[in-house]
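Structure first, commentary second.
The values are calculated or read from the model by the stated rules, or taken from the named source; none is laboratory data. This is a predicted model, so every value here is computed, not measured. Heads up, the Cβs are rebuilt from the backbone with ideal geometry, glycines too, and the neighbour counts pull from every protein chain shown. Please note that ligands, DNA and RNA were not included when accessible areas were found on the heavy atoms of the full protein model with its side chains. Shrake-Rupley method; radii C 1.70, N 1.55, O 1.52, S 1.80 Å.
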Amino acid sequence: IAVVSIRFDGNRIKAELVKAVQETKQRTLKIDGDVGLSFWPNVGITLGKLSLSEHGSAQQFASVDSARVSVAVMPLLSGKVVVNTVEVNGAKAVFIKRKNGTLNVDDLLPEGGKAIKTEGRPLHIEIAGVRIASP
């Protein structure tokens with residue numbers, strides 16, 4: 001735990017997340033709080049207040065007051081991400097259906113149900129539970 005805590009760089013992760021969202025989705029991710037590491041009751045990453053813009057716009061699409069994603073450790077060793085829980089507090093989002101039938105979230109969804117790929121291989125993610133609390 002000590003080694004992981006020392007090597008964990010929340011600011012680097014924060015910067016990489018913001019950059020990845022901008023480059024892949026043309027949306028602005030703003031993380032106001034710190035990105036932290038937690039170990040109890042399981043290993044996870046905590047995020048403070050964050051918001052996501054509409055595609056190609058500065059207008060806010062969604063925001064949360066805080067979030068936590070906890071993962072199972074052993075599957076990480078084999079390249080799988082098994083998410084135990086995703087906890088989101090203070091969730092707010094604006095969903096829009098345009099006249100042409102498209103939604104403002106269409107760019108966030110995988111095209112045609114295709115797997116998300118990272119460095120040439122599919123990313124395998126399993127999520128055991130989601131808890132969303134809104135204001």
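This table checks each residue for (1) open to solvent by 40 Å² or more (accessible area, probe 1.4 Å); (2) of a type in the set (S, T, N, Q).
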{"residue": "GLU16", "(1), (2)": "yes, no"}
{"residue": "VAL35", "(1), (2)": "no, no"}
{"residue": "GLU54", "(1), (2)": "no, no"}
{"residue": "ALA58", "(1), (2)": "yes, no"}
{"residue": "ASP65", "(1), (2)": "yes, no"}
{"residue": "SER70", "(1), (2)": "no, yes"}
{"residue": "THR85", "(1), (2)": "yes, yes"}
{"residue": "ALA93", "(1), (2)": "yes, no"}
{"residue": "ARG98", "(1), (2)": "yes, no"}
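Just to be sure I understand, how many residues within the stretch 39-62 are in contact with a helix residue (DSSP H, G or I) (Cβ under 7 Å, 6 or more places away or on another chain) and farther than 29 Å from THR102 by Cβ?
The number of residues fulfilling the criteria is 1.
If you take the residues of the stretch 18-33 that are touching a residue at least 24 places away in the same chain (Cβ under 8 Å) and of a type in the set (Val, Ile, Thr), which of them is most open to solvent (accessible area, probe 1.4 Å)?
If we take residues in the stretch 18-33 being touching a residue at least 24 places away in the same chain (Cβ under 8 Å) and of a type in the set (Val, Ile, Thr), then THR28 is most open to solvent (accessible area, probe 1.4 Å).
Any chance the stretch 43-61 includes a residue that's hydroxyl-bearing (Ser, Thr, Tyr), part of a loop (DSSP other than H, G, I, E, B) and at pLDDT below 85?
no
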